[in-house]
1. To make sure I understand, if each residue's beta carbon is the centre and we count other beta carbons within 10 Å, what order do Val88, Val247 fall in, fewest to most?
2. Where does helix 103-113 land angle-wise versus the long Cα axis of the chain, in degrees 0 to 90, nearest 10?
3. Applying 1/(1 + (r/R0)^6) with R0 = 22 Å to the Cβ-Cβ distance of Asn447 and Lys362, what FRET efficiency is obtained, to the nearest 0.05?
4. Over the C-alpha atoms of region 22-173, what are the Rg and the largest Cα-to-Cα span, Dmax, in Å?
5. Which aspartates and glutamates, if any, have their Cα less than 18 Å from the Cα of Lys115, not counting same-chain residues under 8 positions apart?
6. Roughly how tilted is helix 132-143, in degrees to the nearest 10 and between 0 and 90, from the longest Cα axis of the chain?
7. I'd like the GluC sites (Glu not before Pro) in region 359-419 restricted to DSSP loop residues with at most 12 other Cβ atoms within 10 Å, sorted by number.
8. So for region 348-452, averaging the separation of alpha carbon pairs under 8 Å that are six or more residues apart and normalising by length, what relative contact order in percent results?
Amino acid sequence: MFDTIIKNANIYTDGNNFEADIGIKDGIIAELAKKGTISGGHKIIDAKGKLVIPGLIDPHVHIHAPFGNNIDILDFYSASKLAAFGGVTSIIDFTNTVKGDSIVEVVKNRKNEMKNSAIDYSLHVKYVESNEKLLKEIPEIIEMGCPSFKMFMTYKKAGVMIDDIDILKVLETIKKNKAMAGFHAESNSISEFMEDKFSNEHLLGWENFPNYKPNICEYEAVERVISYAELTGARIYLFHITTAESVEIIRKAKERGVDVIAETCLHYLIFNKEKNQGEDGILYIMSPPLRTDKDIEALWKGINDGTLSIVSSDNCSFTRELKEINLHKSDDGTIIKDFRKVVNGVSGLEERLGILISEGVKKNRISFNKFVEITSTNPAKIFGMYPKKGTISIGADADIVILDPNRKKALTKENLHYNLDYSIYEDYVGEYLPVYTIRRGEILVENDEFKGKEGTGQFIKRKLIG
Ligand code: URP
Ligand code: ZN
Ligand code: ZN
């Protein structure tokens, strides 16, 4: 007897399409049988006319995370609910390490904060400095199931940038321990130099934000850290890649055998930097900034040829009030524009599925299998969760999303579940939206209803392969 049966499933994985009945027992896919042959389930779902895919994994989100003196509006339960409406059954967030912290302790604390999630979760470890003691903690962190790290090549003034010499020491340890080093690759020197220049020239409006950190601010750092990966032989992961030049540098590095993996994010695939014009330009401030249509085209191409392996959301959910909170007002109450003071980041955790289908699959930029690959299978493989996650096969966790080709919605603030006072995606329609999101056999979303329970998500102990 199965707990749940999904009948007539038209299954799409990263490289395969097949029809089957799916038998789920104790949260696991226990059987995949010829269509119409399975019986005996407590709950039966007929997926006729629908598409069945593995649960989405978002390996780059910031939930309940401090940015300067602010914190976003979500907690792990509210985030997991809206994630489930977007077909996401697992997320990877970050520790909020500051200088002086033991990384073992920050992992333990952050795991505790994540406990109320209804979807499964894991952690990248932010590494903001290096010393003998911290390097010695790396093997223990890996043993705890967190073999991926994030280092900032910028934000020196905020105290989170790690020096190049320390990057090299971390990479050497990462290589020895078969882990992976992630990077926020932007040049601190270029951004500080440009910041002073733009400030002196009174160019601090949102419309100038993208030009203050031009393409070279990213690709200089990308090229440099790739050289460090080449020197040490360590595997690196590049978060939020945005420029055509970076894509080219990564492509060439891969060709000569450097162990580099890269992602882009949903917003870089659909918005260009014109979004920073006008009053609402403040809502589109994130780092790295938005780019040009030429860059957007290069990102889609990079996804298709495998240079970019993942599309994540980099979700940060701030109300308009929070984005503006550090800005001063003039006597007549108007905001004095200063992009240096704007809280960075945008949402995307819920919207990623619907927009990648409407803008990617439906516009023939990517295939449906590619969509599964970049949102589920690759995150699972790259971050050490495969084949438990990221596929539909016997023995895998029953993380399953059933998509309805006829279900579409405008991605307005009312139709999304963030409780934000705006949606940067309101001009977009999400297509093939989920009718069911199932996590380890438990129904989290059925049509428009959330049925999951707080605290039922589990920590995913990850182990890198290859
Ligand atoms: O603007 C962004 N991306 N905020 C999130 C932090 C980060 O660097 O990913
Ligand atoms: Zn970053
Ligand atoms: Zn981020």
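Read-outs: derived from the displayed coordinates by stated rules, not from any lab. These numbers come from a predicted model, not from an experiment. No Cβ is skipped: glycine too gets one built from the backbone with ideal geometry, and neighbour counts run over all protein chains shown.
1. Val247, Val88
2. Helix 103-113 sits roughly 50 degrees off the main axis of the chain.
3. Details: r = 22 Å, r/R0 = 1.00.
FRET efficiency, Asn447 to Lys362: 0.50.
4. 20.1, 63
5. Counting by Cα, and skipping residues close in sequence, Lys115 has these aspartates and glutamates nearby: Asp58, Asp72, Asp75, Asp93, Glu105, Glu442, Glu454.
6. 10 degrees
7. Answer in residue order: Glu414.
8. For region 348-452, the relative contact order is 25 percent.
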